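The numbers here are math on the coordinates, done by the rules we state, and not lab data. Since we're looking at a predicted model, the values are computed, not measured. Cβ: placed from backbone, ideal geometry, glycine included. Neighbour counts: every protein chain shown.
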Amino acid sequence: MDAPPAIELRGVSRRYGERLALADVSVTVPAGATLVVFGPNGAGKSTLLRVLATLLRPHGGATVVLGEPLPARQWAVRGRVGLLAHDALLYRDLSARENLRFHARLHGVPERRVEELLDRVELRGRADDPVRTLSRGLLQRVAVCRAVLHDPPLLLLDEPRANLDPAAAALIEPLIGRASGRTRVITSHDPAGGLAEADLALGLRGGRVALRAPAAEIDVRAVEELYA
Amino acid sequence: MHAKGLRALTLATLAALTVTLALVVFYAPNDADQGFIQKLFYLHVPIAIVTLVAYVVAGVLAYKHLRTDERRWDVRSYVVIHIALIFNILGLVTGAIWAKASWGHWWVWDEPTLVSFLIVFLLYATYQPLRFAIEDPERQARYASVFAIMAGAFVPLNFIAVRMASSLVHPRTFATAEGGLPGEMMLVFLVSLAAMTLLFWLLVKYEIAHKHATWQLRALRRRLLGDDAVAPLGRSAAPAIVPEAVGRRADAPAPAPSISPSDAPGAAR
Amino acid sequence: MTGAATPGQPPTAGARAGAGGAAAARDRGPGRPAGALRPALALLRKDLLLERRAPESVPAMVLFTCTTFVLFHFGLGRNAVEGSLAAGVLLVTLLLAAILGINRLFVAEQAEGGFDAVLLAPIDRTAVFVAKAAALLVFLVLVELVAVPAFALLLLEGSIWRSLPGLVAVLALLDVGLAVVGAVVSALAIRTRARDLIVPMVALPLLVPALIGAARAAAPLLATGGASWPSARWLLVLGLYDLVFGLLAYAVFDFLLED
């Protein structure tokens, strides 16, 4: 196993005034693996995701993402991470195509990639309609396209299956699923489903690590206890 | 530790203020036209100068904060602006009194220092509401610093623009028939300026020392009595000083060898 | 080197091959990404497209200025104004209209989590500043294309044609100042709780020197039988203001977007 780990966190912390949103978080994620993060609301899952995405700077500890230490080398990581969170990050009055082209320009990605992705999620027909006219399922498909547009080796997914219909789920699986070969960090509120998808599971509670083990070694009940 | 030298400074300030008062009342010549009230000039103008310089200094402190990302610079910047705002109000009040005595109106648009003083006040009066409107303490400090830098650059620019715009009907403060302040007036003026500067500095030091004491006390209570003994911080415009030096917070575990982000290999930003 | 090679699990050919070339080209080394101009153009294009598609700011600003002229007519009790009074009415109205535009500048980003999109992209954050300032500048010019003729029609004593080139020069310099200060204050205020209150409170005092320069420059232009070109002195003040705040804003803007 020569490839360096995609993510290496050692004692990472992030302040929020007097509180610690993340405290002493340590985990190592090998390249291509899937880490699923569990925890109740306010546990720090989103904060962790945002730190990995270089949107928030870690305040303490050692953070290494894709081989680069953060925040010192954040610019080397930016552009190699794909984020799919609650906000679709799409402008409602622009069409799917216009939105994706905009993101393509920001990331220096050629336009044909936009067309290619629109084809893959079968959205060619509605690509020119303003995004606010799309159903949530279709919107999520566009959001997925946006997240993988620049072909990032690391994907950060905040409850990705929330709005999808089964047909769409099948379409996006090769883009953001295990088969995509990317390293993935997924937050989940579904203990059974989440564990099934994970290589590695991390449980957060109050910003601290309450649970960390390879998925195969964890019982669903241990995860459920986090929410108790 | 922040009270070091405070006593000496207090004594020096009191001495300077006393000397100034004595000089103003007994030594400075009475103005032929305006009489005793004209002596307010010895208070008003030094206050104004100290205030404007303080605002610029606060901008520099804010710049240091952005550069080093160290909380203490933000605290200093905040306190300097805070005290400067008080001086600003004092300056406006003394200016108004002086204007009434000298020119018969409580406000004159032709005195550019006074006018730019008002504009600057209106700007810096937004500093605390701005801080208060941002809940995330880190972001609050950062945005406040951006504001302080922009406003600090604004002060001289504003002064120049207002000065250019005012009609030069009324005599400028430093102009006499000869074109400059006579020796005795200049002496009193300089002494007063020194006293005001000391007073400003003293107030800043007091406030910073007070803040540090309050925060250390809070941290100690937390550590000794647990988190529940301390009321949670509400929203606040003032920067929080979380003294790492006091020791581990009660809720923090023994720290693992912590590599601060600036030490991370790969050089700084 | 992208770190995603998983033994025994080749990446899906279709998805990766197409973008492979692009990915390699994009893998920049350490430090800041190159250039802010192209991303700024992309951002500007997006903002202008949005405003054209769903016009909000420009129509509101135009209506505001025209209504305010009517207010001034009644407020001042005058049928026509000239000289420094005219300059004051016109410029203060434009300033207040600009505040409307400044308030709306980052609304789309704020509403749709759009900040994240820009923050995740490997682009220099000052591109956002350049793009937003440019967008505001375009909006202001569009508004003035209607507001100035409206003003000349409704309130101005005498003809505006003679002094139009001079007026255009003054407004151009003023607009740059408005755009620069507006972009920074807007970014400052957007992530606070009292956004639409903070903007006028902070921006208006900051804009006073620009107003002074513009008003003093425009007053002789709008006087009946007055000058046809503003005095260099006030243009210089405006220019200096634009330069100082432009550079300053460019330098500090990064800190407003970072976390």
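Observations, loosely collected:
- Gaussian network model of chain C, springs between alpha carbon atoms under 10 Å - residue of C:Leu171, C:Leu96, C:Leu49 with greatest fluctuation: C:Leu49
- C:Ala80/B:Asp110 FRET efficiency (R0 22 Å; Cβ-Cβ; nearest 0.05): 0.20
- The residue among A:Asn99, A:Ile176, A:Ile186 whose Cα reaches farthest toward the positive pole of the charge dipole of segment A:7-226, with charges on the beta-carbon of Lys, Arg, Asp and Glu, is A:Asn99.
- Number of Lys pairs (Cα under 22 Å; 8 or more positions apart or on different chains) in the protein assembly as shown: 6
- Total formal charge among the other residues, if their Cβ is under 13 angstrom from that of C:Ala40, Lys/Arg +1 and Asp/Glu -1: +4
- Under 5 Å, built H, 5+ apart or other chain: amide partners of A:Leu134: none
- Remark: mean inter-chain Cβ contacts per residue of B:153-159 equal 5, using a 10 Å Cβ-Cβ cutoff to other protein chain atoms.
- Magnitude of the charge dipole, segment C:34-257, Cβ model with Lys/Arg +1 and Asp/Glu -1, debye to 20: 40 debye
- Look at B:Ile86, B:Ile241, A:Ile172 and count the other Cβ atoms within 10 Å of each Cβ; fewest to most, that gives B:Ile86, B:Ile241, A:Ile172.
- The slack in the chain from A:Ala196 to A:Ala167, taken as 0.36 nm per residue of separation less the alpha-carbon distance, amounts to 8.4 nm.
- Close amide H partners of C:Val81, meaning residues 5 or more places away or on another chain with modelled amide H under 5 Å apart, are C:Leu156, C:Glu157.
- Proxy reagent accessibility, fewest Cβ within 10 Å first, across B:Leu61, B:Leu187: B:Leu187, B:Leu61
- If R0 is 45 Å, the Cβ-Cβ spacing of C:Leu48 and C:Thr224 corresponds to a FRET efficiency of close to 0.70.
- Extending 7 Å from the Cα toward the beta-carbon at both A:Glu225 and B:Leu220 defines two label points whose distance is 4.0 nm.
- Distance from the Cα centroid of segment A:2-58 to that of segment C:35-73 is 40 Å (rounded to whole angstrom).
- In this structure, the amide hydrogen of A:Gly203, modeled 1.01 Å from its nitrogen in the peptide plane, lies closer than 5 angstrom to those of A:Phe38, A:Ala210, A:Leu211, A:Arg212, counting only residues at least 5 positions away or on a different chain.
- Backbone phi angles across segment A:190-200, fed through the Karplus curve with coefficients 6.51, -1.76 and 1.60 (θ = phi - 60°), yield HN-Hα couplings of 10, x, 5, x, x, 4, 4, 8, 8, 8, 9 Hz in residue order; Gly and Pro are listed as x.
- Across segment A:212-227, computed HN-Hα scalar couplings (Karplus, 6.51 cos²θ - 1.76 cosθ + 1.60, θ = phi - 60°) run 7, 6, x, 4, 4, 8, 10, 8, 4, 5, 4, 5, 4, 5, 4, 8 Hz from first to last residue, x flagging Gly and Pro.
- Efficiency of FRET from Cβ geometry, B:Arg139 and B:Ala15, R₀ 41 Å, rounded to 0.05: 0.40
- Antiparallel bridge percentage (DSSP; both residues within the protein assembly as shown; nearest 5): 55 percent
- Charge tally around B:Tyr78: other residues with Cβ under 11 Å, Lys/Arg +1 each, Asp/Glu -1 each, net +3.
- Cβ-defined net charge surrounding C:Ile212, 12 Å radius [Lys, Arg +1; Asp, Glu -1]: +3
- Here the Karplus curve 6.51 cos²θ - 1.76 cosθ + 1.60, taken at θ = phi - 60°, turns the phi angles of segment C:38-51 into couplings of 5, x, 4, 5, 4, 5, 4, 4, 4, 5, 5, 5, 4, 5 Hz, with x standing for Gly and Pro.
- Mean sequence separation of contacting Cα pairs (under 8 Å, at least six apart), scaled by the length of segment A:7-226, corresponds to a relative contact order of 29 percent.
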